[in-house]
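Quick notes on the structure that follows.
The values are calculated or read from the model by the stated rules, or taken from the named source; none is laboratory data. These numbers come from a predicted model, not from an experiment. Glycine also receives a Cβ, built like all others from the backbone with ideal geometry; neighbour counts cover every protein chain displayed. Side chains included, ligands, DNA and RNA excluded: accessible areas come from the protein's heavy atoms. Shrake-Rupley method; radii C 1.70, N 1.55, O 1.52, S 1.80 Å.
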2 protein chains.
Amino acid sequence: MKLASLKHGRDGRLIVVSRDLSHYVEVAGIAATMQAALDDWQATAPQLRAVSDELNAGQRSDAQAFDPAACAAPLPRAYQWVDGSAYLNHVELVRKARNAEMPPSFYTDPLMYQGGSDDMLGARDPITIRDEAWGTDLEAEVAVITDDVAIGTSAADAAGHIRLVMLVNDVSLRNLIPNELGKGFGFVLSKPASAFSPVAVTPDELEGAWRDNRLHLPLRVWVNGERFGEPNAGEEMTFSHADLIAHLARTRKLGAGSIVGSGTISNKDRSRGFCCLAELRMIETIEHGQPSTPFLRHGDTVKIEMLDIAGKSIFGSIQQSVQLIK
Amino acid sequence: MKLASLKHGRDGRLIVVSRDLSHYVEVAGIAATMQAALDDWQATAPQLRAVSDELNAGQRSDAQAFDPAACAAPLPRAYQWVDGSAYLNHVELVRKARNAEMPPSFYTDPLMYQGGSDDMLGARDPITIRDEAWGTDLEAEVAVITDDVAIGTSAADAAGHIRLVMLVNDVSLRNLIPNELGKGFGFVLSKPASAFSPVAVTPDELEGAWRDNRLHLPLRVWVNGERFGEPNAGEEMTFSHADLIAHLARTRKLGAGSIVGSGTISNKDRSRGFCCLAELRMIETIEHGQPSTPFLRHGDTVKIEMLDIAGKSIFGSIQQSVQLIK
């Protein structure tokens, strides 16, 4: 099934969306918000699924036209957002750009960071920045939402706690990163609010593309209307979504509604393009001595979308413009 | 006024607690949860204050005996937990212990990390660890809770967004920190759930001790029943609570209910003792070549409390024991 949150107050209003993203049904009688559904997933999921089945069968007279622009993030604010770096090709390139070495342990010990989750952007919300010199970049990723995960949960068991899958634009302020990471405590200022796809879907909606707890489809990215990349999100993902959850659970439990991101999707095959500007800029630097692609500026646009094998949008698209404010 | 959350479901039940911590009143008619109160603070605060005034005047026939052990964290789960390192004496000592240098920028650019906020411990909840070799440490701190803070808010304006003040035990797994920080993305595994004082108070409850957005009182710490430290939380705080909030707001807004911590309280005067084991271990290493104080082990206890100038507990005490699980 496919779920979304209509913009409404601080936590949105939960809806069930049809598989083809054309219609939706309100489900306040089952759960008022996405968080409420996740808090009691064993009870709410079967009821939501029944609504979804009826909606997809054209049996809901209360179905309304679905508008992705009316959506908040699936979780407009969340209790946890942790992002991995599961595509080591990206990690290698971005570290090269910072002249930082790639430790061998990165191939066995997942790199993750704790992000802010008090402000999650809807798919059509602007990227608000105060200074273009901060070097605004997109990072197109896949993220999962868990229910409660006990401390010490293995990767094999973590798989069963992946309740929803969605897309993310993990916005990065590249020029603030070297100083901030140099301080040693991770990202704080350099990772402002991330944006999420209009719709989050259960893994079964992904059919054969969801294998080994990875999503084996290209993630398509456009910048200012031009195709920028379509690397495959499954092929070169060193750590699966279940691996990332199990890593987190080594020392602590995860609360329902925890969002765990994959990190920027990246393939070695450069003809597939990129999911962030930093990678292209790094390759330009390697080839020409300096980058020629600028970071995002006021008015620039980003689009991120994933299509199923029939060519239909799975999650709806993230479409954001950059807005410079005083 | 003084507020707390009784253990109840995932988000607790908001109560108003008397100044002397002897009684409380339920206030579900004003706001069901602490988060709900913070979401609409302009409307809820005057109503909660009226209840508080009546309770302190002995005019509430519905007052019940207050038991700190019945409390969850003031926010049992939160949308944001960011912790500073505002006491540079602590930063210097802990970095010495890791053989890490102290950059001069640390005196002007606050060091902060984004913590997990999906699981906040109540004041009497155990510290649950899976391995004693991880090197469990306490970190006694002061934290504030904000309402909504706009992007770009100055320190002067941030002061007005400090709605509540409380104590924290920011539990650290010291032996996991070098590897994790070495990876460059900050704390993930090495900072499991933090515990909070039973009660959160508005700054006016702190009377003259709240000056320059700092809390000028000693924070008292006991380990296994023995006095461990009582450094003053105001004197050597390089960055005020308002400075820390303004730092965060440079690139992003903060949602209501954001918790911002001070970092481990630390004074240069060693006779005042310590708020974490790592500092004492560092001094032992400097003086004797190696540390003699062990990290916390199964069954060890920690108590953290702050008294007002009349010697009365302001926030109630954090009292935790370490529990080793399989």
If you go through B:Trp134, B:Trp81, the only one that is under 19 Å from A:Gly116 (Cβ atoms) and of a type in the set (Phe, Trp, Tyr) is B:Trp81
Residue match in segment B:284-292 (condition: in contact with a Lys or Arg (Cβ under 6 Å, 6 or more places away or on another chain), away from chain A (no Cβ under 13 Å) and of a type outside the set (S, T, N, Q)):
yes
Inside segment A:61-106, the number of residues satisfying the requirement of being touching a strand residue (DSSP E or B) at 6+ places or on another chain (Cβ under 8 Å), among the aromatic types (Phe, Trp, Tyr) and in a loop (DSSP other than H, G, I, E, B) is 2
When segment A:304-326 is checked residue by residue, the ones that are away from chain B (no Cβ under 14 Å), in a loop (DSSP other than H, G, I, E, B) and open to solvent by 50 Å² or more (accessible area, probe 1.4 Å) are A:Asp308, A:Ile309, A:Ala310, A:Lys312
Taking the stated definitions as given, is B:Asp109 surrounded by fewer than 17 Cβ atoms within 10 Å (Cβ to Cβ) and either in contact with a strand residue (DSSP E or B) (Cβ under 9 Å, 6 or more places away or on another chain) or not assigned by the TED database to the domain that holds B:Gly316 (or both)? no
The condition of being of a type outside the set (A, V, I, L, M, F, W, C), under 29 Å from B:His8 (Cα atoms) and assigned by the TED database to the domain that holds B:Gln320 holds, among B:Ser190, B:Ser266, B:Ser240, only for B:Ser190
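Residues are listed down the side, and each one gets a yes or a no for (1) surrounded by 18 or more Cβ atoms within 10 Å (Cβ to Cβ); (2) under 17 Å from the mean Cα position of the chain (by Cα):
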| site | (1), (2) |
| --- | --- |
| B:Leu48 | yes, no |
| B:Glu54 | no, no |
| B:Ala69 | no, no |
| B:Tyr79 | yes, yes |
Notebook entry, point to check: Within segment A:277-287, is even one residue open to solvent by 50 Å² or more (accessible area, probe 1.4 Å), of a type in the set (D, E, K, R) and without any contact (Cβ under 8 Å) to a residue 60 or more places away in the chain?
Noted result: yes
By residue number, the members of segment B:153-204 that are away from every other protein chain (no Cβ under 11 Å), buried (at least 18 other Cβ atoms within 10 Å of the Cβ) and in a loop (DSSP other than H, G, I, E, B) are B:Thr153, B:Asp170, B:Ser197, B:Pro198, B:Thr202
Scanning segment B:205-217 residue by residue, the ones that are open to solvent by 30 Å² or more (accessible area, probe 1.4 Å) and within 14 Å of the chain's Cα centre (by Cα) total 1
In the set A:Thr128, A:Thr146, the lone residue that is within 17 Å of A:Val302 (Cα to Cα) and either within 11 Å of chain B (Cβ to nearest Cβ) or among the basic types (Lys, Arg) (or both) is A:Thr128
When (1) within 14 Å of chain B (Cβ to nearest Cβ); (2) assigned to a loop (DSSP other than H, G, I, E, B); (3) surrounded by fewer than 22 Cβ atoms within 10 Å (Cβ to Cβ) are applied to A:Gly58, the one that fails is (1)
Sole miss for B:Glu92 among (1) modelled with pLDDT of 95 or more; (2) in the same structural domain as B:Ala195 (by the TED database); (3) surrounded by fewer than 19 Cβ atoms within 10 Å (Cβ to Cβ); (4) of a type in the set (D, E, K, R) is condition (1)
Looking for something among the β-branched types (Val, Ile, Thr), out of contact with any strand residue (DSSP E or B) (no Cβ under 9 Å at 6 or more places or on another chain), farther than 19 Å from A:Arg98 by Cβ and touching a residue at least 60 places away in the same chain (Cβ under 8 Å) - is there at least one such residue anywhere in segment A:305-322?
yes
Within segment A:223-257, residues in a strand (DSSP E or B), open to solvent by less than 10 Å² (accessible area, probe 1.4 Å) and touching a Phe, Trp or Tyr at 6+ places or on another chain (Cβ under 7 Å) come out as A:Gly229
**OP:** With the condition kept exactly as written, say whether any residue in segment B:203-219 is under 19 Å from B:Val82 (Cα atoms) and polar (S, T, N, Q).
**Re:** yes
